[in-house]
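Participant: Starting off with a structure, shown below.
The values are calculated or read from the model by the stated rules, or taken from the named source; none is laboratory data. Keep in mind that this is a model prediction, so the values were computed, not measured. Methodologically, a virtual Cβ is constructed for each residue, glycine included, from the backbone with ideal geometry; neighbour enumeration extends over all protein chains shown. The protein model used for the area step is the full one, side chains on, heavy atoms only, and it has no ligands, DNA or RNA in it. Shrake-Rupley method; radii C 1.70, N 1.55, O 1.52, S 1.80 Å.
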Amino acid sequence: MPEGLTTTRRCDFAFLSLARDCAPTIPRFLDLLAALRSRGLSLAAFVGENGSRDGTRALLERAEAAGQLVLVPTAFMAKIPDRLARMALGRERIKMELDASRLEPRIVCVLDLDNVLARPPSATALIEAAAKLDRPGIFGVSATSRPHYYDLLAFQDEGRSFETLLDDLAASRGNIFSYYRFFRSRIYPHQQALTDDREIACASSFNGLCLYRAEVYRLGSYLRSGRSICEHLVFNRRLAEMTGAKMLIDPGLVLPTPIDHSEQSFLPFAWRRLRKLMASRSPRGP
């Protein structure tokens, strides 16, 4: 069991994540937890893993044996073909694990463990970002990224929403040139517009890492009926409606922009898409 679960119902942070094929960044995640513990903070971490081929599960099993985290069974995710629905059900499963743990964290940190954690935030940056949750009218704080913000699917403010972005993107895939024009006209400009050294208030953001006060986080759900959309957008919209509050994109909480979401010129873009297409047609094996 993670540190604190056997001795107290309270802790400072609970980390919730899903993991697949992210062995290179698991040690960085564990280093972040260790850095926070070295500050005297009490932590718990719940991680769901499904279908990794790169040793991710073995790393997580060793971390669980060392009392660093709880490995949550999420094998059911492999049976769900729709990625957005799969992610929503996986996140909800991790949330249910926290709810059932009898743990009472002060802050919940939902994060990705893939290449967005190639350079994790410092313990200081995470603590300072969490302190912003004490401001009136704020229900969540998300990371930004450099060289630019990337997570449009999870973003919404009073004037912008990207709920239909995946449908629009699919319609542009007739050829690589129209596909690239779509990125140049509909994705890259918005990513740059959301890259700022000032705080940005919004109704929803994720961008690889998000912080909530635990009592607010427990009000939410990643699930909805009807067409699948980004699970973070579903979750944050619900909290915004229930609380009447906003989120902040924190310029001090910085992650690296994942290479598969970064702005590129045409030739690197085309090569990356070709490699992705080839990988999608290769069998994953057992």
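Participant: So, in region 47-94, exactly how many residues are over 21 Å from R224 (Cβ atoms) and outside any helix (DSSP H, G or I)?
Facilitator: Looking only at that region, the number is 16.
Participant: Ok, one more. Would you say L152 is open to solvent by 40 Å² or more (accessible area, probe 1.4 Å) and in contact with a helix residue (DSSP H, G or I) (Cβ under 7 Å, 6 or more places away or on another chain)?
Facilitator: Against the criterion (open to solvent by 40 Å² or more (accessible area, probe 1.4 Å) and in contact with a helix residue (DSSP H, G or I) (Cβ under 7 Å, 6 or more places away or on another chain)), L152 does not qualify.
Participant: For region 100-116, check the following and say yes or no: at least one residue is farther than 28 Å from F76 by Cβ, assigned to a loop (DSSP other than H, G, I, E, B) and more than 16 Å from the chain's Cα centre (by Cα).
Facilitator: No, every residue in region 100-116 fails to be farther than 28 Å from F76 by Cβ, assigned to a loop (DSSP other than H, G, I, E, B) and more than 16 Å from the chain's Cα centre (by Cα).
Participant: While we're looking at this one, here's another question. So how many residues does region 24-35 have that are hydrophobic (A, V, I, L, M, F, W, C) and surrounded by fewer than 20 Cβ atoms within 10 Å (Cβ to Cβ)?
Facilitator: Counting residues in region 24-35 that are hydrophobic (A, V, I, L, M, F, W, C) and surrounded by fewer than 20 Cβ atoms within 10 Å (Cβ to Cβ) gives 3.
Participant: Here's something else I'd like to know. Would it be correct to say that V108 is in contact (Cβ under 8 Å) with a residue 60 or more places away in the chain, open to solvent by less than 10 Å² (accessible area, probe 1.4 Å) and out of contact with any Phe, Trp or Tyr (no Cβ under 6 Å at 6 or more places or on another chain)?
Facilitator: Answer is no for this residue.
Participant: Could you please find all residues in region 155-178 being among the hydroxyl-bearing types (S, T, Y) and at pLDDT 90 or above?
Facilitator: Of everything in region 155-178, those that are among the hydroxyl-bearing types (S, T, Y) and at pLDDT 90 or above turn out to be S161, T164.
Participant: Where residues in region 43-70 are buried (at least 20 other Cβ atoms within 10 Å of the Cβ) and of a type in the set (G, A, S), which of them is nearest to N115 (Cα to Cα)?
Facilitator: Among them, the one singled out is G48.
Participant: Scanning for something open to solvent by less than 30 Å² (accessible area, probe 1.4 Å) and in contact with a helix residue (DSSP H, G or I) (Cβ under 6 Å, 6 or more places away or on another chain), does region 93-104 turn up at least one residue?
Facilitator: Checked region 93-104: no residue is open to solvent by less than 30 Å² (accessible area, probe 1.4 Å) and in contact with a helix residue (DSSP H, G or I) (Cβ under 6 Å, 6 or more places away or on another chain).
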